[in-house]
Structure formats: structure tokens, C-alpha cells
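Read-outs throughout are calculated quantities, based only on the coordinates presented, and are distinct from any laboratory measurement. Since this is a predicted model, take the numbers as computed values, not measurements. Here the Cβ positions follow ideal geometry from the backbone for every residue, glycine too, while neighbour counts run over all protein chains shown.
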Amino acid sequence: MKVQNEAVVGAHQERFGERGTVAMAPARVNLIGEHTDYTGGLVMPMAIGFHTTAVISPRQDDRMFFFSANYGEEKTFVSADLERGRTGHWSDYPAGVAWSLAKEGVRFSGFNLTLAGDVPLGAGLSSSASVEVATAMAIQALAETSLPLKTVATLCRRAENEYVGAKSGIMDQFVVAGAIAHRAMMLDCRSLEFDLLPLPEDVRVVIVNSMVKHAVATGEYGNRRDEVEEGQAVIRSELGRELLRDASLADLEACRDKMPAASFARCKHIITENARVTEAREALLAGDVKRFGELMVEAHASLRDDFAASCAEIDRLVEIALAQPGCIGARITGGGFGGCTVNVVEADAADAFVSAVQLAYEQWNGIKADCFVCAPEDGALALAANGGAV
Ligand code: GLA
């Protein structure tokens, strides 16, 4: 982390002639609770040890320079440009955050901002939320303000929804900003209340990247959301339940004939997933990691069959994982349609698990899957508070 930060400060200094102030934000993996966040539901993500570093220094004029050390590319904005919104360029993410902070009433001068990170892109590990939150923390440092967690998460989500144009929920921005090391976070996406839950010491979270790219800003994610919203609207008008979060399977069944079959299936996933997250919390609190693993497997089947958001590569990875000794649970994680699986594995079996999964996957389709053995890390606010960003 320190090495990465020093390198980014060096890149910033070389480009802009000043060392600047450092902020950082992690990536995240979701343990369980998928596609529930935008219906006010329950999720259980944790932050992981990949980071975006943002280095910022003030300018005398009102221009905003965004430099990506990863892409070796710079883009300049003046305030009026921010009103135009999405351009389809990577700079939409940090520019959207500047726009959203201004909307929040935060006043800041022009600045030079360098971004760099090691978060795998398009893998479903929230590279975009990591960039957004790192940018929000950096601009707040410039403006000498520090907004509370809910505000940071909400304004970053607004950047993604309204500026970038991706219809994501609040989960990623919230956990990337608010996570605490050694804990998974169960977040209620309606109230934004959360619980920090311990994972047993003797298990590891192993992320396996199928290397199939996923993109939240386009295509299937948005289609699923539309299908869900259509079902949710029927339940609202028929039964007066505002959000799917408030609906039971019996409610859904009562509305079956009034919605397309696809909406019924998507809503069924969400209603059962909320119940699984609640049970997963109880399992963790009771130290029952076996039950937690079973719930992950059920969640995968639901996302695959009812939500139709998996793909052949991911299903194969889950199958391979579950056949390995010491594997407690495995499922797809994130927006879906590719990306990564998340696996809970006995600690002393983790290394052998990684080798065996990589070998079997490569034998199956010739692709070498990247694997990461993770532990829950601090989010951006905790990093800033602990001085970890400097
Ligand atoms: C993406 C979105 C999140 C959430 C997940 C699916 O990561 O950014 O808001 O909807 O997909 O659980």
C-alpha cells in the first residue's frame, strides 16, 4: 500500500510539480446479498486489499486536471463541463464525483488530481466505486472538510447513477467508504444501518477471477434492473408494498399473473436472497460457518436460475471450487455476467485450493484464473482516520 502510494505521489510530482495530499479507497467483494441493494434490501460485502490512490494539489485557477497514472492519460475540465455529464471516458468517474460534491454544497478550488490503482478492472470488485470514493476523499481533503459516511456513499452513488449513467445501488460505495478491517459489513440498503460481523479466524476468503469481463454501465445489469422494477411496481400498486424488501414470496405469488415471467423470477431471487442474508448473519454470529457456506451455494443457484445473471465460466468455477477439500461455500459475486467467484475456504486448505482451481479451470477452457486470498480491510474513512492514506 505504502509502495503504491509513494509511486503515485512520485507520478503526481513529476506531472504537476508538487507532492500533493494522498487519499485512498479499497475494492470490495460481496459475500452474499446480490442485486438486492437497489430494492432497499440486505447485502454483506467486505473491503479487500486492492486500492485506488488519489493524490491532489490545489490550482490557482478553477480548472480540474484528472491524470490517470494507469492509463498515462490526462483530461481537463472547467466547472461548466461538469454540467454536460457522461462522455464515455474513464474521467467520467472522478468528474462525476466533483459534480456530485459541488451539488452537495462542498466548495473547492481548481485542482490537479492523479489516480492510480491495482483494482482488477471489470472483474466485479468495484473498481468504479473505489475510484469514486478515493476521488471524494481527495477533494474533501482539498476543501478541508470531511463528510459523514452516509453522505460520502450517497454522493458517490449519485455520481455513478446520474453522471456516469450506471444504475447501480448503494452497496459498493458504502462498503468501500465505510468498511472496517477484520469485519464483514451487513448493510440494510434502505435505512443504511449496518452491522459489523466477524469472520472466523480459521477461514479465508478466496476470490477467483473468471477473466470474463463484466460491465455495469452497459447491457445486462440494466436489463435485470428494469425487469426487477417492473415486478416491484406491480407489487406496489397491487399490495401497497413500497419496495421488494417489504414483500414476501406469498405476495409475489399473488401478483404472478400481473407481471412477465422474467420479472417474477428476478423478484423471487431478491426476496429469497434477503432471507439468506439475514440467516447468514445469524450463522456468522453463531460461528456456524458450515451453514454460511450452504447459504452461499443456495445464493449462487438463485442468481443463476432465477436471476439469470451467471455464465458458463462462473458456474464451472463454482462447481470446481465445491469439489475441493476445505471449501465451505462458493458463489458468483458482484453484478454478474462474468467477473469473479467468492469462496470461503478453510485457512490451511487455501493454497492448495488456489492451485487446484487454477489447474482445473485452465484444463477446462485454457484460461488462467487470477486468484486472491483476502481478509476484510479498512474502508476509505477508516484509512483516512488512521492516517493510513499518507
Ligand atoms: C454491482 C452494483 C451494486 C450491486 C451489485 C449486485 O456491483 O454496483 O450496486 O447492485 O452489482 O449485487
Only Lys, Arg, Asp and Glu count, each charged at its Cβ (+1, +1, -1, -1), so figure out the dipole size of the chain about its Cα centre, rounded to 20 debye.
-> 600
Let me know the shape class of the stretch 125-207, please: from the alpha-carbon gyration tensor, a ≥ b ≥ c as square roots of the eigenvalues, rounded when a/c is under 1.5, otherwise prolate if a/b is greater than b/c, or oblate.
-> prolate
Between A184 and residues 5 or more places away or on another chain, the pairs with built amide H atoms under 5 Å apart involve L197, L199
Regarding the stretch 327-390, what is the average projected area of its C-alpha convex hull, in nm²?
-> 6.3
Pull up all non-local amide H partners of I48: gap of 5 or more, or a different chain, and H-to-H distance under 5 Å with H placed in the peptide plane.
-> A27, R28, V29, E377
Label the stretch 172-311 by shape, choosing from rounded, prolate and oblate, from the square roots a ≥ b ≥ c of the eigenvalues of the Cα gyration tensor; if a/c is under 1.5 it is rounded, and otherwise prolate applies when a/b is larger than b/c, oblate when it is not.
-> prolate
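State the antiparallel share, in %, of DSSP beta bridges confined to the stretch 54-151, rounding to the nearest 5.
65
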Comparing E34, E201, E220, which has the greatest mean-square fluctuation in the GNM of the chain with Cα pairs linked when under 10 Å apart?
-> E201
For the stretch 9-22, in order, what is each residue's ³J(HN,Hα) by Karplus, 6.51 cos²θ - 1.76 cosθ + 1.60 with θ = phi - 60°, in whole Hz (x at glycine and Pro)?
-> 4, x, 5, 5, 5, 5, 7, 10, x, 9, 6, x, 9, 9
For the stretch 318-325, what does the Karplus curve 6.51 cos²θ - 1.76 cosθ + 1.60, with θ = phi - 60°, yield as ³J(HN,Hα) per residue in whole Hz, taken in order and with x for Gly and Pro?
-> 5, 4, 4, 4, 5, 7, 8, x
Projected onto the charge dipole of the chain (+1 at Lys/Arg Cβ, -1 at Asp/Glu Cβ, origin at the Cα centre), which of V131, G96, S248 gives the Cα projection farthest towards the positive end?
-> G96
Relative contact order (%) - criterion: Cα under 8 Å, at least six apart; region: the chain = 23
Calculated FRET efficiency, S355 and E282, Cβ-Cβ r, R0 35 Å, to nearest 0.05?
-> 0.55
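Provide the gained length on full extension for the span R59 to V78, in nm with one decimal, where the gain is 0.36 nm per separating residue minus the Cα-Cα distance.
Going from the current span to full extension adds 5.6 nm.
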Label 7 Å along Cα→Cβ of H89; the stretch 48-67 residues with amide nitrogen under 14 Å?
-> 64-67
For the Cα atoms of the chain, what angle does the longest principal axis make with the long axis of helix 127-142, in degrees from 0 to 90, nearest 10?
-> 40
Amide H partners (placed H, <5 Å) of V203, local residues excluded | A347
Where labels lie 7 Å past Cα in the beta-carbon direction, separation of K167 and L196 in nm | 3.5
Net length gained if the chain between D251 and D305 were fully extended (0.36 nm per residue, minus Cα distance) = 17.4 nm
Looking at the stretch 87-175, which trypsin sites (Lys or Arg not before Pro) are in a loop (DSSP not H, G, I, E or B) and have at most 13 other Cβ atoms within 10 Å?
-> R107
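Take the alpha carbon gyration tensor of the stretch 316-358, find the square roots of its eigenvalues, order them as a ≥ b ≥ c, and report rounded if a/c is under 1.5; if not, report prolate when a/b exceeds b/c, else oblate. Write down the numbers at each step before the final one.
Numbers: a/c = 2.17, a/b = 1.87, b/c = 1.16.
Because a/c hits 1.5 or more and a/b exceeds b/c, the stretch 316-358 counts as prolate.
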Residue-by-residue Karplus 3J(HN,Hα) for the stretch 340-353, coefficients 6.51, -1.76, 1.60, Hz, glycine and proline x | 10, 9, 10, 10, 9, 10, 4, 3, 6, 9, 5, 5, 5, 4
